1. Using amide H atoms built 1.01 Å from N in the peptide plane, name the residues 5+ places from Ala253, or on other chains, whose amide H lies under 5 Å from its own.
2. Compute the distance in nm between two label points, each set 7 Å from the Cα along the Cα-to-Cβ direction, one at Thr351 and one at Thr247.
3. Between Thr53, Thr125, Val105, whose Cα lies farthest towards the positive end of the dipole of segment 1-145 when Lys and Arg beta carbons carry +1 and Asp and Glu beta carbons carry -1, centred on the Cα centre?
4. Taking only protein heavy atoms and a 1.4 Å probe, what accessible area per residue, in Å², does segment 237-361 have with all protein chains in place?
5. Two-decimal Rg/Rh of segment 60-184 from alpha-carbon positions, Kirkwood Rh?
6. Once ligands and nucleic acids are excluded and a 1.4 Å probe is used, how much of Met71 is accessible, expressed in Å² to the nearest 10?
7. Students sometimes get this wrong: rank Tyr26, Tyr76, Tyr321 by accessible area, probe 1.4 Å, all chains present, largest first.
8. Once each part is reduced to its C-alpha centroid, what is the distance from segment 136-162 to segment 34-71 in angstrom?
Amino acid sequence: MTFLMVNLNSQAARMDMVDVSNNNGYMSTAEYVSMRNEFGVKAVTVKISEGGTYRDPYAASNIANVQAAGMYINGYHFAHYATKAQAIAEADFAGRTAKAAGLPVGAVLATDVEAEEQNCQSKATNDRNNAAFMKEIQKFCYRADIYTSGSWANNKMTIKGKTGWIAGYPFVPAGKQWYTNNNAWQWSGSAHFRISYGGFDVSQLYTDYYTAGQKSTVKPTDPDAVKANNNTFKPSTSAKWVKETKTYTLKAAVKLRTGASTSSSVVAILPAGTTVKTDQAIIQGGYRWVRQPRFNGYGYLATGPASNTLEYVNSGVTHMYYTVKPGDSWWSIAQRNGLSMTTLANQNGKTIYTTIYPGQRLVVR
């Protein structure tokens, strides 16, 4: 079992907050409980939206499962605005999307400022645009903040006092503390937890900004619910399964169950857009069921009635590509798409030390 695959030191070992996005896939309540109990994580900030059209398909399930795990929940919007009008429009889009996904009143909805659009602006312009976004987002009864890199905080915008969630690597040198004047410092983008897949961004909190204002909405974990989520899901002994290794993308929200029956307990509701990898299939109870290998056994979902076995899914995964532009880096492209640099490089068969060139196409989703 692998816990944290990062080089911890005494200062950076504190993990108060983790942020997740579509890059991490579906995250169950049990996975969040593990983060909380084994590593002391108290808050999770989830990607809500990007630009003016993209809604993170896992936002709603992440929000519900984080709260079920008894943790504080916040959100962030990946910004692409270059003007004040665009900033206000993106804030309206982010606020509406967050409301629809269930982000509670009083949570932080930060603007993630690090895209090429902001890189081309002056500090004064970025300050004006960020202020417009943050003022507008408060109309939705969310608290505002800015999420950006250490270099951008110093050169591309003004971060005053106890404002800002700052990402800065590598780890803190001995005897120094970075960004202690800010709300939070993200010190790693590649942490790995025992029962979760993929790399995670982890942060240390210096204020209570990301945990205050929503105490009444965070409910203690129901022990029975956690126990149910941690059950080992076993296939029915009477089922006649056939080997079928496939990857599906859900067309609609589908219930993931503990067995291949509509009477089986629901583990989670997987939202539309979820990618599901399966290893076996069966026709049972009038439905075509598939089996999903999970960290603690198996989950089961119907792909549709036996007469139309792909009603709820698309077979195969369509990748989204990004064309490298002058000035791009592994860091800027990864952050723009909710990935860690290592994940982005690995899914393109490269390392973060490989040079990328303008015109090169990279798989980002």
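The values are calculated or read from the model by the stated rules, or taken from the named source; none is laboratory data. This structure is a prediction, so every number in the text was calculated from the model and none was measured. Neighbour counts are summed over all protein chains in view; Cβ atoms, including those assigned to glycine, are modelled from backbone coordinates with ideal geometry. Keep in mind that these areas ignore ligands, DNA and RNA; they rest on the heavy atoms of the full protein, side chains included. Shrake-Rupley method; radii C 1.70, N 1.55, O 1.52, S 1.80 Å.
1. Ala272
2. Using points 7 Å along Cα→Cβ, the separation is 2.4 nm.
3. About the Cα centre, the residue reaching furthest to the positive side is Val105.
4. On the way: 6360 Å² over 125 residues.
With the other protein chains kept in place, segment 237-361 gives 51 Å² per residue.
5. Numbers: Rg = 15.1 Å, Rh = 15.2 Å.
Answer for segment 60-184: 0.99.
6. 0 Å²
7. Ranked list, largest accessible area first: Tyr321, Tyr26, Tyr76.
8. Centre-to-centre (Cα) distance: 20 Å.
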